Amino acid sequence: MCREAVGIPDFENAPIGIDREDFLGMVFGAFAGALEDTVGRSEASGFIALVGMAVSEEIKARYLRVAGPRRLDLFATVDAMIDLKRRLGGDFYVIETTPRRIVLGNRRCPFGDLVKRSPSMCMVTSNVFGHMVAESQGYGRITLADTIARGGTGCRIVIDLDPDAPDEGGQDYFGTGDV
């Protein structure tokens, strides 16, 4: 008997639009949203920061396996951050790179529209970038100056490499190794 004849839809060929990435995004978004609803946005950001720290260690290790040195230099770190976000579906680009500061822009969030419902997801970017920079440069302060999650048309991420730079509300990250 034909499936359609008995009213069973053909899900296999239907344009439902769910794949592994969509599913994992939905799970992470729902997790972040539930956390925000349960403990508040600030506490949720703290929990997500812990996840970001663990993830950043693995990401750093993967880039170091390709690059070879014990740590990435400033320009390789910037390239790695841009490459990572590209691989995840973001559209990050360099606005400025100096020995004291990196400024990155972004036109497309890797988390898509989910980030608008759960802005604490931005802490993943802050932590991954913060740990990558701190391990390569000794220190980094990540300021999410503008984000899609807060209604911006894009993101502007300021990464201060000098702890004496004026603090615009960023998160400090300190490296664990020799620089």
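Bear in mind that the values in this text are calculations on the coordinates, not laboratory data. The structure presented is a predicted model; accordingly, all values stated were derived computationally and were not measured. No Cβ is skipped: glycine too gets one built from the backbone with ideal geometry, and neighbour counts run over all protein chains shown.
Numbers at a glance
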item	result
Assigned charges on the beta-carbon of Lys, Arg, Asp, Glu; segment 90-171 dipole about Cα centre (debye)	360
Furthest towards positive pole of dipole, Ala32, Pro99, Gly151, structure part the chain, Cβ charges	Pro99
Directionally averaged projected area (convex hull, Cα atoms, segment 1-116), nm²	11.7
R0 of 25 Å, Cβ-Cβ distance Arg87-Asp10: FRET efficiency to nearest 0.05	0.15
Spin-label model distance (nm) - Ala61 vs Asp22, 7 Å beyond Cα toward Cβ	3.3
Choice from Val27, Val133, Val51 showing the highest fluctuation, given a GNM over the chain with Cα pairs closer than 10 Å	Val27
Per-residue ³J(HN,Hα) for segment 53-67, Karplus 6.51 cos²θ - 1.76 cosθ + 1.60, θ = phi - 60°, Hz, x for Gly and Pro	5, 5, 5, 5, 4, 5, 5, 4, 4, 5, 5, 5, 4, 7, 6
Mean ellipticity per residue at 222 nm, deg cm²/dmol - from DSSP H runs of n ≥ 4 across the chain, formula -39500 (n - 2.57)	-15000 deg cm²/dmol
Dipole magnitude (debye, nearest 20) for segment 22-69, charges at Cβ of Lys, Arg, Asp, Glu	300
Dimensionless Rg over Rh [segment 111-179; C-alpha; Kirkwood]	1.02
Dipole moment magnitude, nearest 20 debye, the chain about Cα centre, only Lys, Arg, Asp, Glu C-beta charged	240
Estimated inter-spin distance, Val94 and Met53, nm [label 7 Å along Cα→Cβ]	3.0
Percent of C-alpha pairs per 10 Å bin, segment 42-179, short to long	13, 47, 35, 6
